[in-house]
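Single-structure report; data block below.
The values are calculated or read from the model by the stated rules, or taken from the named source; none is laboratory data. The structure displayed is predicted, hence computed values, not measured ones. Glycine gets a Cβ as well: all are built from the backbone with ideal geometry, and neighbour counts include every protein chain shown.
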Amino acid sequence: MARVIVDVMPKQEILDPQGQAVAKALPRLGFSGISDVRQGKHFELEVDDLVDDATLEKIASSLLSNPVIEDFVIRRVS
Amino acid sequence: MTKVGVITFPGTLDDTDVVRAVSRAGAEPVNLWHGDHDLKGVDAVVVPGGFSYGDYLRCGAIARFAPVMTEVIEAAGKGMPVLGICNGFQILCESGLLPGALVRNAGLHYVCKDQWLKVENTSSAWSSRFEAGAEILVPVKHGEGNYTASQETLDQLEAEGRVLARYVSGNPNGAQRDIAGVVSENGRVVGLMPHPEHAIDALTGPSDDGLGMFLSLIDSVVKT
């Protein structure tokens, strides 16, 4: 078994209104110096050893993310 | 009589109104369940609005893998007319039947109001009853209706006349180029965020402008 992390983020050119809303809330709470926030999704998969990188790539691109609007990064952590 | 399938997923809300609109237009509605493996001999399919599978992961992301959608994607490939409304539009984009994606409204607010649209494409299976440039009043109600696609895709849609309709008198969700709905390359698959099925009778909606989409479909089925 291995733990695999998939991080999915909106593409740079895609408007991220949720991230903007968080960024705008920070100064209201007294936090300064944060110029931008982008919000994405973090998946943790428990994966057995038979699952290869190509399969993980397919899982990330076909279900966990929508390639039209999002990029993803896959990491094996253990 | 033209048979129009209306899909119900867990979380679908607007199937009843679509069934009513199909009947009002003079076609026979056929209820389809998300787990169905066949389309029961229908001539066309409507994917209604709502929150299929709770909108988990992304709107439409889980629904596109439902057994009935496998059948819909195959039939659409052979030219069957398919209409996706609101969550149905999101599902058709996730399925790859239509280009682009629907992301969260630019203002973050859920919008629910009557919205003016300008119809542009009048050659699709679902829009032949409209005059080009006609302005119609139809309800919108969504939190993620902000149409997004690459600049090349948007240019191509416009060059090929595949913008079904645009928002006029204000863009409710930040959609790129005010796009409210788009048409597939073969003109058979249409997706739009506003709800024509809620505008089929002045007694219960803002107008009866939406009925034209269902009448157009019947014309196109009879023709083929």
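Here's a check for you: in region B:54-71, which residue that is within 11 Å of B:Ile91 (Cα to Cα) and not small (Gly, Ala, Ser) is surrounded by the most Cβ atoms within 10 Å (Cβ to Cβ)?
Once the filter is applied, the top-ranked residue is B:Cys59.
May I ask you to verify whether B:Val46 is in a strand (DSSP E or B) and surrounded by fewer than 20 Cβ atoms within 10 Å (Cβ to Cβ)?
Here the answer is no, as B:Val46 does not meet what is asked.
Of everything in region B:62-108, what is part of a helix (DSSP H, G or I), farther than 23 Å from B:Ala180 by Cβ and among the β-branched types (Val, Ile, Thr)? Give them in sequence order.
B:Val68, B:Thr70, B:Ile73
Give region B:25-53 a look and list any residue that's under 15 Å from the mean Cα position of the chain (by Cα) and either over 29 Å from B:Gly143 (Cα atoms) or at pLDDT below 95 (or both), or say none.
Within region B:25-53, no residue meets the criteria.
Which number in (1) under 22 Å from B:Pro81 (Cα atoms); (2) in contact with a Phe, Trp or Tyr (Cβ under 7 Å, 6 or more places away or on another chain) marks the one condition that B:Val183 misses?
Evaluating B:Val183 over (1) under 22 Å from B:Pro81 (Cα atoms); (2) in contact with a Phe, Trp or Tyr (Cβ under 7 Å, 6 or more places away or on another chain) leaves (2) as the failure.
Can you pull out every residue in region B:95-111 that is buried (at least 21 other Cβ atoms within 10 Å of the Cβ) and more than 10 Å from chain A (Cβ to nearest Cβ)?
Scanning region B:95-111 gives B:Ser95, B:Leu97, B:Leu98.
Determine which single condition B:Ala132 fails, assuming it passes every other condition in (1) surrounded by fewer than 18 Cβ atoms within 10 Å (Cβ to Cβ); (2) within 14 Å of another protein chain (Cβ to nearest Cβ).
Single failed check for B:Ala132: (2).
For region B:1-36, how many residues meet the condition of being closer than 17 Å to B:Val82 by Cα and part of a loop (DSSP other than H, G, I, E, B)?
6
Any residue that is touching a Ser or Thr at 6+ places or on another chain (Cβ under 8 Å), farther than 22 Å from B:Val72 by Cα and within 14 Å of chain A (Cβ to nearest Cβ) - is there at least one of those in region B:195-210?
There is no residue in region B:195-210 that is touching a Ser or Thr at 6+ places or on another chain (Cβ under 8 Å), farther than 22 Å from B:Val72 by Cα and within 14 Å of chain A (Cβ to nearest Cβ).
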